[in-house]
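Here's the structure we're looking at; comments come further down.
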Amino acid sequence: TRATTLPRTRQSRVWFERAQASLAGGISSSSRATSAGPHPYPLYIESGSGSRIRDVDGNEYIDYLISYGSAVLGHASPHLTEALTGVLRTGTMFGTCNTLEVELAELIRDMVPCAELVRFANSGSEAVQGAVRAARGHTGRSKILKFEGHYHGWTDTLAVSNRPTAVEAGPDTAPVPVPHSPGIPAGVVDDVVVCQWNDPTALRTALDAHGRELAAVVCEPIVANNACTMPQPGYLDLLRKECTARGIVLVFDEVCTGFRTGPGGAQGMFGVVPDLAVFSKALGGGLPIAAFAGRREVLESVAEGRVRHGGTYNASPLCAAAALATLRRLNRPEVVTHLRESGERVMEAIRRAAHDRRVPCAVQGVGAMFQAVFTPDGAPTRRYRDLLGADQARHDTFRHELFRRGIHTNAYGLACWFVPASITGAELDSTCEAVEAAFAAL
Ligand code: PMP
């Protein structure tokens, strides 16, 4: 049976060995170095359909990575294929203005509370950079406050304190800005103030010390990159209030939450409206498109052309068509409900299995995106440092046991499960059975 057979991934190993001769490290993104399963090489995927992917050895998996949440409608979704086929016939890109980008911006304005104006980019990293540039241009200030553990892409600007070790991170009350990589200039790091998440006192202390120099406070409203750590009640309101009082631009990085947690993203869900928000992933349904959007006043300098933002590929007809088709689906109440309820079923299965086996485990997030964290007492995490105390080895075993049973999840325990809207009842049944069996094997 599937449960006892380790999926054979020999061809993935062959491809990985071959890749290392030409691709730096054998990969195209640093985050792909980690294997998806109980083997020391990445998985090579040959095809996908709906919620399923097939690797180069012919093994099939139900996919809860779903290209980091991007292919939200499922792989090779008919909704997208139809829209894309039309564009393939008429030209994918002209580097000029096109009508689809206008329709797409209008739809985003209708769906997202903060979005009075929109600018498109190609990746989350780029769109974060655009939002930060706009905030700096608008305020005339240069420093940015970010939260320890939150991820905002790989650019120099904010690749600071993404995943510091306990030693690097410094004291609880005075976290140290830690560059995520060599090659990030000290001057850039000096412009970043790092703060603990979900801690009102830490926030006020940091704002009292640096508030007048801060252009923006940037955060993940649900911290997808910290195992879906949820905001404490009132915390996002506090961010909003403090930023307003101090003339700081509040930026929600909704690259993971946007359009996945509902048409209005996290800001719609929590009823807290930032000045700017960043979108990607679910926006494009699997094609590379991103956006920063927000209050007219804050984006005025971009609109006037004083603050520069460019991009050859921005909102190409190919990607704009994919995004339009995707958002039209994600704007439908039945699709929103299906995403939420499907994820809630898996969350509940994990909770039940953990409870039955007396394994301390926090299942946190919202239906469409969530994570299981093996905290010592099973309490949900409040901030990045809580994750450092969780049992990462147990999480890896859990993930490997799921993988052996045909369930593909993110290789990083600090990331999360993303549910595809294409998920079926039978696929959810298989997932819940695999969860039960994985806990039995822990
Ligand atoms: N912000 C968040 C919250 C993300 O999760 C990511 C990607 N994982 C990014 C920004 C960067 O997006 P990209 O990889 O498209 O540059």
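For the range 49-69, filtered to residues that are small (Gly, Ala, Ser) and closer than 17 Å to Ser342 by Cα, the residue that is surrounded by the fewest Cβ atoms within 10 Å (Cβ to Cβ) is Gly50.
Look at Thr431 and say whether it is in the same structural domain as Ser51 (by TED's automatic domain parsing), within 16 Å of the ligand (Cβ to nearest atom) and not charged (D, E, K, R).
Numbers: in the same structural domain as Ser51 (by TED's automatic domain parsing): yes; within 16 Å of the ligand (Cβ to nearest atom): no; not charged (D, E, K, R): yes.
Spelling it out, it is not the case that Thr431 is in the same structural domain as Ser51 (by TED's automatic domain parsing), within 16 Å of the ligand (Cβ to nearest atom) and not charged (D, E, K, R).
Among residues of the range 252-280 that are at positive phi, those with a Cβ under 8 angstrom from a residue that is among the polar types (S, T, N, Q) and within 14 Å of the ligand (Cβ to nearest atom), sequence gap 6+ or separate chain, pair up as Gly265/Thr257.
For Leu207, the criteria (1) within 24 Å of the chain's Cα centre (by Cα); (2) more than 16 Å from the ligand (Cβ to nearest atom); (3) at pLDDT 95 or above; (4) buried (at least 18 other Cβ atoms within 10 Å of the Cβ) hold in every case but one, which is (1). I'd like to know if the range 300-311 contains one or more residues that are touching a helix residue (DSSP H, G or I) at 6+ places or on another chain (Cβ under 7 Å), crowded, with 24+ Cβ neighbours inside 10 Å and not assigned by TED's automatic domain parsing to the domain that holds Val363. So far as the range 300-311 goes, no, none of its residues is touching a helix residue (DSSP H, G or I) at 6+ places or on another chain (Cβ under 7 Å), crowded, with 24+ Cβ neighbours inside 10 Å and not assigned by TED's automatic domain parsing to the domain that holds Val363.
Go over the candidates Gly271, Gly284, Gly264 one by one and state the one that is under 30 Å from Leu84 (Cα atoms), out of contact with any Leu (no Cβ under 7 Å at 6 or more places or on another chain) and more than 14 Å from the ligand (Cβ to nearest atom). Give the steps one after another, and end with the answer.
Values: Gly271 fails: under 30 Å from Leu84 (Cα atoms); Gly284 fails: more than 14 Å from the ligand (Cβ to nearest atom).
Exactly one of Gly271, Gly284, Gly264 is under 30 Å from Leu84 (Cα atoms), out of contact with any Leu (no Cβ under 7 Å at 6 or more places or on another chain) and more than 14 Å from the ligand (Cβ to nearest atom), namely Gly264.
Name the single residue that is farthest from the chain's Cα centre (by Cα) among those in the range 358-415 being at positive phi and surrounded by fewer than 22 Cβ atoms within 10 Å (Cβ to Cβ).
My answer is Arg358.
Looking at the range 23-42, is at least one residue touching a helix residue (DSSP H, G or I) at 6+ places or on another chain (Cβ under 6 Å) and of a type in the set (A, V, I, L, M, F, W, C)? Even if it seems obvious, please write down each step before you answer.
At the first step, the residues of the range 23-42 found to be touching a helix residue (DSSP H, G or I) at 6+ places or on another chain (Cβ under 6 Å) are 26, 37-38, 41-42.
Next cut, of a type in the set (A, V, I, L, M, F, W, C) only: none.
Scanning the range 23-42, I find no residue that is touching a helix residue (DSSP H, G or I) at 6+ places or on another chain (Cβ under 6 Å) and of a type in the set (A, V, I, L, M, F, W, C), so the answer is no.
Can you find a residue that is assigned by TED's automatic domain parsing to the domain that holds Ser49, touching a strand residue (DSSP E or B) at 6+ places or on another chain (Cβ under 9 Å), at pLDDT 95 or above and not in a helix (DSSP H, G or I) anywhere in the range 340-361? So far as the range 340-361 goes, yes, one or more of its residues are assigned by TED's automatic domain parsing to the domain that holds Ser49, touching a strand residue (DSSP E or B) at 6+ places or on another chain (Cβ under 9 Å), at pLDDT 95 or above and not in a helix (DSSP H, G or I).
The values are calculated or read from the model by the stated rules, or taken from the named source; none is laboratory data. Values in this document were obtained by computation on a predicted structure and should not be read as measured data. Note: ideal-geometry Cβ built from the backbone for every residue, glycine included; neighbour counts use all protein chains shown.
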